[in-house]
1. What tally of residues in the stretch 126-152 results from selecting those that are in contact (Cβ under 8 Å) with a residue 12 or more places away in the chain, charged (D, E, K, R) and farther than 21 Å from Ile190 by Cα?
2. Select from the stretch 15-48 the residues that are more than 22 Å from Glu170 (Cα to Cα) and part of a loop (DSSP other than H, G, I, E, B) and list them in ascending order.
3. Out of Leu92, Leu78, Leu117, which single residue is within 16 Å of the ligand (Cβ to nearest atom) and either at negative phi or not in a strand (DSSP E or B) (or both)?
4. Considering only the stretch 147-191, how many residues are on the phi > 0 side of the Ramachandran plot and near the ligand (Cβ under 9 Å from one of its atoms)?
5. Name every residue in the stretch 41-81 that is β-branched (Val, Ile, Thr) and surrounded by 18 or more Cβ atoms within 10 Å (Cβ to Cβ), in order of residue number.
6. Need the failing condition index for Gly84 against (1) under 18 Å from the mean Cα position of the chain (by Cα); (2) not in a helix (DSSP H, G or I), just the number.
7. Does Val144 meet the test of being buried (at least 19 other Cβ atoms within 10 Å of the Cβ), within 15 Å of the ligand (Cβ to nearest atom) and not in a loop (DSSP other than H, G, I, E, B)?
8. Which condition breaks for Asp9 when tested against (1) assigned to a helix (DSSP H, G or I); (2) modelled with pLDDT of 95 or more; (3) under 18 Å from Asp133 (Cβ atoms); (4) not hydroxyl-bearing (Ser, Thr, Tyr)?
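The values are calculated or read from the model by the stated rules, or taken from the named source; none is laboratory data. The structure displayed is predicted, hence computed values, not measured ones. Backbone-built Cβ (ideal geometry, glycine too); neighbour counts: all protein chains shown.
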Amino acid sequence: MRLRAWKQDHMLKIGLTGGMGSGKSTVARIFGVLGVPVFEADAQAKDLMNRDPRVREAVSACFGPEVYREGVLDRKQLATLVFGDEARLASLNAIVHPAVRGAFQAWAMAQQAPYVLMEAAIMAENDGFRIFDRVINVSCPEAVRIQRVMARDGVGEAEVRARMRHQASEDQRDRIAHLRIRNDGSELVIPQVLAMHEQLLQMAAA
Ligand code: ATP
């Protein structure tokens, strides 16, 4: 990463989102190769549900202590409890999302870089995106995303559609985005990421 004069309090916080199968993890990996610190919200959420005492307590209080088996979260059991139950899903999100944002802020403070990225599938669904200086949306039409997830995970179309049901629409994500990476196969992704990296470095140095 190019070194420039920048201060910790000027470090930019960038949100990277995209629908399921849009390729946001792929794009995040490219930023990672460029030396950009990347915080993976999904992985961190899993970790917090297992390791953060306050999150564990809140999850146990909400869903029953039996969701932890021998101290480890039984994700299948939790998924069964929230599946198709909007209120329970909202309760889980109300516990996990603020904890993830807090962990991201603490993590960002410890980074030495002009900008850092948080990769998260869920960003347009609540007002959590407001913590970012800029939001990047990795865009791709739903039909292509469904095909990719079917191929990646070896599952059928109905299952992919069911998983996507709780995600914001392409339009909602586009509305909160300041920057866009098109990953529908019509444009090469690496040159788009390189150009955006330059743009973000310039923004951080301004
Ligand atoms: P999820 O939200 O489900 O984790 P994601 O947005 O992180 O999905 P990826 O896992 O990065 O998406 O990509 C989905 C699949 O599509 C992967 O198998 C990936 O290798 C593939 N893929 C990503 N970009 C492209 C592309 N431009 N062309 C073809 N395949 C792609």
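1. Looking only at that region, the number is 2.
2. Within the stretch 15-48, Leu34, Gly35, Val36, Pro37 meet the criteria.
3. Leu117
4. Looking only at that region, the number is 1.
5. Val55, Val59, Val67
6. (1)
7. On the way: buried (at least 19 other Cβ atoms within 10 Å of the Cβ): no; within 15 Å of the ligand (Cβ to nearest atom): yes; not in a loop (DSSP other than H, G, I, E, B): yes.
For Val144, the condition - buried (at least 19 other Cβ atoms within 10 Å of the Cβ), within 15 Å of the ligand (Cβ to nearest atom) and not in a loop (DSSP other than H, G, I, E, B) - is not met.
8. Status for Asp9: all satisfied but (2).
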